[in-house]
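The values are calculated or read from the model by the stated rules, or taken from the named source; none is laboratory data. The structure displayed is predicted, hence computed values, not measured ones. Every residue, glycine among them, receives a Cβ derived from its backbone with ideal geometry; neighbour counts consider all protein chains shown. What goes into the accessible areas is simple: the full protein's heavy atoms, side chains included, and nothing from ligands, DNA or RNA. Shrake-Rupley method; radii C 1.70, N 1.55, O 1.52, S 1.80 Å.
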Amino acid sequence: MPTLHTTLRRPVITEKGLQVKEAEATLVFEVATRATKTEVKQAVEALFRVKVAAVRTANYLGKERRRGKFSGYKPDWKKAYVRLQAGEKMPEYVDTL
Amino acid sequence: MNPECTRSVEVEVPAAEVSSAFRGAIKKYTRQARIPGFRAGKVPPTLIRSRFSEQIRQEVVEQLLPQHFRSAIEAAGTQPISQPQVTELHLDEGEPLRFKAQFEVLPAIDLTGYEEVRVERERAELTEEEFEAEMDRVRDSRSTVEPVTEARELVDGDLAQITFQGEVTGGEQEAGAGVRIDEPIAGQDVSLEVGGKNTLPAFSEALRGSRPGQELRFEVSYPADFGEPRLAGKSIAYQVEVKGIKRKHSPELNDEFAKELGSYETMDEFKAKLREHMTADKSRQAEAATKDKVLEALAERYPFPVPETLVQQQVEVRLDRGLRALAAQGMPQEQMRNLDFERLRLAQRDQAVGEVQGTMLLDRIAELEKVEVSDAELDRELEILSVQTREPLQALRDRLIKEDALPRVREQIRREKTGSLLYERLGA
């Protein structure tokens, strides 16, 4: 059973992530790969007490990593762009991860 | 800190200046910060602020505090001699910066009428005994020890070579302060001067008249206050074998010997020179002692608070000197590290206070008397130093300039001059 915190893994704090936050009222998270848009929406609404307008998701395949002759993959992950409804106050990410 | 020498200032820095300092610090960190997800220099200020809040605060404090502290003390017209201790620091972005700083200052020393102080000069006269003792020492240092081959009885003045073994027979078994006899009392091929002043009379008596090869048994009771705690207050039965006799040959005090001692023609010449040296030494000591007495008298008559900072510095100087001396005597490093530094510091304290008092008095009097050190005097001192340290004059000078130590040398000369002045004026 996914909980709120297993659904939202962490905020994506990058130049792009902060840029869409300012320009499009959109929060960006790394979310559980199995999470659906609906789950993400519910999680964000519950945690940040805001209304979500739309969720877009993107799957990223883990990159290959080599260590000598051994090769493996970084885990796959899913990114979610969560657009808030117009007029919602933008919450701050907690930046102590 | 000595409360009597402590001053404090309260400083307030306007909010605008605080904000601009914050902006500057943030800008600096923006340029340096490498945060994943951002290109260098593109990290937004809000993120910088939260990531580096501690460093930024510190940067702002380091930038504003010394600068405003300096102008504050200038405005107050005081001269701190210690690092300020900052308390009640209030710093928030967009608000004025406030802090209190405590520091020590030199006390004002009022020496009104000090010229009237009189101190009796220490007399420096070379006594005949002192001279004779020195002559004996010189003679002793040149004497040779030679074995006596003829088999004769030991007489006073002989060096008896003995091998001995001792056994405790009486007295307290357990000596004071937990000293136990673990090692056996024994020695091989020890030289003892029969009838000499460093030899126990009991030994001298037993040895006198014996011959090489002879074995002696006798008992010695040591007094309770004997110098060697292992033996104090005990009776010990000794078994001693006399191995041989040696005799010390002291050179005759003739012109021949004088020539050996250096570039002297006659014994009388050497004696005259030695007497001269010793007299000069004595009067130097007396002068130094008198100067100390003058300063003591002044300190007593004009008591003033002594800043703790200077005392601590002096304690460190003394400690450093002491450790160097120990190192020169060959104390190993690890043993030094195990010394009880707290106790050593405490032990140095009283003397350090006295020394600081002395220099403070000298500085004050130098000021009153307008004692100046000319460049020529500085040059002369440097020349002496260069000879002492075996450093070429120019190299020494360059080094001192680089270390910014010339003012200290100058200060030192000034103190010496002032000391001599006091000696001349106040000595009676």
Quiz item: If Lys and Arg each add +1 and Asp and Glu each add -1, what is the summed charge of the other residues whose beta carbon sits under 10 Å from the beta carbon of B:Glu115?
Solution: 0
Exercise. For B:Ser235, list long-range residues whose amide hydrogen, built 1.01 Å from N in the peptide plane, is under 5 Å from its own amide hydrogen.
Key: B:Thr169, B:Gly170, B:Gly171, B:Tyr222
Practice problem: Write down Rg/Rh for the stretch B:3-104, rounded to two decimals, with Rg from the C-alpha atoms and Rh from the Kirkwood relation over Cα pairs. | Solution: 1.10
Quiz item: Could you give the semi-axes, largest first, of the ellipsoid that matches the stretch B:267-426, computed as the square roots of 5 times the alpha carbon gyration tensor eigenvalues and rounded to whole Å?
Solution: 27, 25, 22
Quiz item: Mean projection of the alpha-carbon convex hull of the protein assembly as shown over all orientations, in nm²?
Solution: 49.4 nm²
Quiz item: Cα axis of helix A:15-24 to longest principal axis of chain A: angle in degrees, 0 to 90, nearest 10?
Solution: 20 degrees
Self-check item: Contour minus Cα-Cα distance for B:Asp292 and B:Ser374 (0.36 nm per residue)
Solution: 27.0 nm
Quiz item: What base-10 log of the normalised intensity I(q)/I(0) is obtained for the stretch B:121-166 from the Debye formula, alpha carbons as equal point scatterers, at q = 0.22, 0.29 Å⁻¹?
Solution: -0.93, -1.09
Quiz item: What residue among B:Ala101, B:Ala33, B:Ala352 shows peak mean-square fluctuation when chain B is described by a Gaussian network model with Cα springs under 10 Å?
Solution: B:Ala33
Quiz item: When ligands, DNA and RNA are left out and all protein chains stay put, how many square angstrom of accessible area per residue does the stretch B:221-309 have with a 1.4 Å probe?
Solution: 57 Å²
Quiz prompt | Sequence-separation-based contact order of chain B, relative, with Cα cut under 8 Å and 6+ spacing, percent | solution = 17 percent
Exercise. Compare the Cα positions of B:Leu406, B:Gly244, A:Pro91 along the charge dipole of the protein assembly as shown (+1 at Cβ of Lys, Arg; -1 at Cβ of Asp, Glu; about the Cα centre) and return the one farthest towards the positive end.
Key: A:Pro91
Quiz item: Using +1 on the beta carbon of Lys and Arg, -1 on that of Asp and Glu, and nothing else charged, what's the dipole of chain B about the Cα centre, debye to 20?
Solution: 2540 debye
Quiz item: Roughly what angle does helix B:267-301 make with the longest principal axis of chain B, taking Cα atoms, 0 to 90 degrees, to the nearest 10?
Solution: 40 degrees
Quiz item: If exposed GluC sites (Glu not before Pro) are those in a DSSP loop with at most 11 other Cβ within 10 Å, what is the longest stretch of chain B that has none?
Solution: B:1-119
Quiz prompt | Volume per residue of the C-alpha convex hull in the stretch B:321-383, rounded to whole Å³ | solution = 118 Å³
Practice problem: On a 0 to 90° scale, report how tilted helix B:53-76 is relative to the longest principal axis of chain B, with both axes built from alpha carbons and the result rounded to the nearest 10. | Solution: 80 degrees
Self-check item: Descending semi-axes in Å of chain A, equivalent ellipsoid built from Cα gyration tensor
Solution: 27, 15, 11
Exercise. Return the Cα extents of chain B along principal axes one, two and three, sorted largest first, each rounded to a whole Å.
Key: 102, 59, 44
Practice problem: Pairs of Cα atoms under 8 Å, at least six residues apart: use those to get the relative contact order of the stretch B:3-104, whole percent. | Solution: 45 percent
Practice problem: For chain B, set up a Gaussian network in which alpha carbons nearer than 10 Å are linked by springs, and say which option among B:Leu344, B:Leu406, B:Leu200 fluctuates the most. | Solution: B:Leu200
Practice problem: Springs between alpha-carbon atoms under 10 Å, Gaussian network over chain B: tell me which of B:Lys293, B:Lys370, B:Lys417 tops the mean-square fluctuations. | Solution: B:Lys370
Practice problem: Evaluate the relative contact order of the stretch B:267-426 (contact order divided by residue number), counting alpha-carbon pairs under 8 angstrom at least 6 apart; express in whole percent. | Solution: 31 percent
Exercise. Could you tell me the convex hull volume per residue, in Å³, taken over the Cα atoms of the stretch B:52-176?
Key: 531 Å³
Self-check item: All aspartates and glutamates inside 14 Å of B:Lys259 as judged from Cα atoms, apart from same-chain residues fewer than 8 positions distant
Solution: B:Asp268, B:Glu269
Quiz prompt | Where labels lie 7 Å past Cα in the beta-carbon direction, separation of B:Ile81 and B:Arg345 in nm | solution = 1.9 nm
